[in-house]
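The values are calculated or read from the model by the stated rules, or taken from the named source; none is laboratory data. Computed from a predicted model, the values in this text were never measured in an experiment. Using ideal geometry, Cβ is built from the backbone for each residue, glycine included, and neighbour counts are taken over all protein chains shown. Only protein heavy atoms, including side chains, enter the accessible area calculation; ligands, DNA and RNA are left aside. Shrake-Rupley method; radii C 1.70, N 1.55, O 1.52, S 1.80 Å.
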Amino acid sequence: MLTLGIESSCDDTAAAVLQDEDGLLSSVISSQDIIHSRFGGVVPELASRRHLESIHPVVQEALSRAGVAIGDINLIAVTQGPGLIGSLLVGFSYAKAVSYVSSIPFVGVDHMAGHLLSVFLEDEKPHFPFVALIVSGGTTSLFLCASPSDFTLLGRTRDDAAGEAFDKVAKLIGLGYPGGPSVAREAEAGENNAVKFPRAWLEEDSLDFSFSGLKTAVLNHCHGVKEKKGDLRVPDVCASFQEAVVEVLVEKTMLAIKKTGLGTVVMGGGVSSNRRLRDMMQRRCDENGIKLYLPRPSFCTDNGAMIALAGFLQFHKEVPVEYNQDVYSRSQLG
Ligand code: KG4
């Protein structure tokens, strides 16, 4: 069975062709970083306009690299939400049109489910149930995953997502967009404990997150240094900020493991490509005898392959295709 996956929830136009469960035949991503970098963040109107230009060539490229034609495709899986409405509408309308014209069934996929299941694109696959930390530009959530379509929300951010905090901190200290990779690069030359930034643990036992106070602490630190006409040590600020984010993400995941009694952790989402987070999570999992499964970095950030896979795993032939479905901006997974 061949699944065409289409993703356009934010600023990447992506498509992939997947054979059955794990035969990835192609994965094409057209990044819009160059358009949004001068604004320090995604401009929704520009994003949807670029999706309109890119969607057809990206899908054609994915089909061509896979060596198949649209008539060979058995299922179209497309991101239905959450994300920017204008961006989502481009991919979703395109998928519905191709589905209708070519008589290929389509299935709407929750972007978060794509991130939760992206690890199954790897050769080494986890067994259900497991705890999943999904950490991206729009989400920071912990889930208990019991099957490819049974996810229970354990905790979520109450304000900024971790990736959003990386992007905002990068902007305020004048680093490029997307902020995560630039902050991580600077952090390599910095001291993790040079600046004492706060960790928001929230109530004892809470699996929720909060990153807006940390972002304000970085802002206050930068203003303080400027007022004293001191030297802002950017690598130290980046390393200390990154450490504060990573420590909370890792320890809350360990708390989720303790509360659920499970023995497996899975990560997904753009921030899970962060080297320090991957290393620290691995160390704490090893210390506690927990198995950790990580997608490779290119499967952590937005891609069409994870949408194809989630669609393939969640598709039920017997459910009729509904063309009056719409996109949504907030995740249906909690
Ligand atoms: O999953 P993703 O591509 O898009 C969303 O679904 O949001 O994640 C993008 C986010 C951005 O906020 C970006 O700054 C962050 O992931 N990110 C990173 C790294 N690479 C991407 N954050 C920290 N370290 C990284 N290496």
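Which members of the range 48-59 meet the condition of being closer than 12 Å to V98 by Cα and either open to solvent by 70 Å² or more (accessible area, probe 1.4 Å) or not assigned by TED's automatic domain parsing to the domain that holds S26 (or both)?
Result: H56, single match.
Out of the residues in the range 34-68 meeting the condition of being of a type in the set (D, E) and within 20 Å of L89 (Cα to Cα), tell me which one is farthest from the chain's Cα centre (by Cα).
Going through the qualifying residues, I end up with E53.
Answer with yes or no whether D20 is outside the structural domain of R156 (by TED's automatic domain parsing), within 29 Å of L175 (Cβ to Cβ) and out of contact with any helix residue (DSSP H, G or I) (no Cβ under 6 Å at 6 or more places or on another chain).
no
Tell me which residues, restricted to the range 316-325, are under 19 Å from Y94 (Cα atoms) and either of a type in the set (K, R) or in contact (Cβ under 8 Å) with a residue 60 or more places away in the chain (or both).
Of everything in the range 316-325, those that are under 19 Å from Y94 (Cα atoms) and either of a type in the set (K, R) or in contact (Cβ under 8 Å) with a residue 60 or more places away in the chain (or both) turn out to be V321, Y323, Q325.
Quickly run through the range 213-250 and pick out the residues that are over 22 Å from E188 (Cβ atoms) and either touching a residue at least 40 places away in the same chain (Cβ under 8 Å) or open to solvent by 60 Å² or more (accessible area, probe 1.4 Å) (or both).
Answer for the range 213-250, where residues must be over 22 Å from E188 (Cβ atoms) and either touching a residue at least 40 places away in the same chain (Cβ under 8 Å) or open to solvent by 60 Å² or more (accessible area, probe 1.4 Å) (or both): T216, L219, N220, H223, K226, E227, K228, K229.
Do we have I76 as in a helix (DSSP H, G or I), open to solvent by less than 50 Å² (accessible area, probe 1.4 Å) and within 24 Å of G269 (Cα to Cα) here?
no
Does E251 qualify as being within 20 Å of the chain's Cα centre (by Cα) and of a type outside the set (G, A, S)?
When the stated conditions are applied, E251 passes them.
Show me the strands (runs of 3 or more DSSP E) entirely contained within the range 1-69 in which 3 or more residues are within 14 Å of the ligand (Cβ to nearest atom). Even if it seems obvious, please write down each step before you answer.
Details: elements: 2-7, 12-19, 23-31.
Hits in the range 1-69: 12-19, 23-31.
Could you tell me how many of the residues in the range 156-185 are small (G, A, S) and within 16 Å of the chain's Cα centre (by Cα)?
Going residue by residue through the range 156-185, those that are small (G, A, S) are 161-163, 165, 170, 174, 176, 179-180, 182, 184.
Adding the requirement that they be within 16 Å of the chain's Cα centre (by Cα) leaves 161-163, 165, 179-180.
Selection size over the range 156-185: 6.
I want to confirm something. Restricting to the range 157-174 and keeping residues that are assigned to a loop (DSSP other than H, G, I, E, B) and in contact (Cβ under 8 Å) with a residue 24 or more places away in the chain, which single residue is nearest to the ligand (Cβ to nearest atom)? Quick ask: steps written out before the conclusion?
Looking only at the range 157-174, we keep the residues that are assigned to a loop (DSSP other than H, G, I, E, B), and these are 158-161, 173-174.
The next check asks that each one be in contact (Cβ under 8 Å) with a residue 24 or more places away in the chain; those that pass are 158-161, 173.
Details: R158: 18, D159: 15, D160: 10, A161: 7, I173: 14 Å.
Only one residue fits best here, namely A161.
Looking at the range 175-184, which of its residues are open to solvent by less than 50 Å² (accessible area, probe 1.4 Å), within 7 Å of the ligand (Cβ to nearest atom) and in a helix (DSSP H, G or I)?
Selection gives G179, G180, V183, A184.
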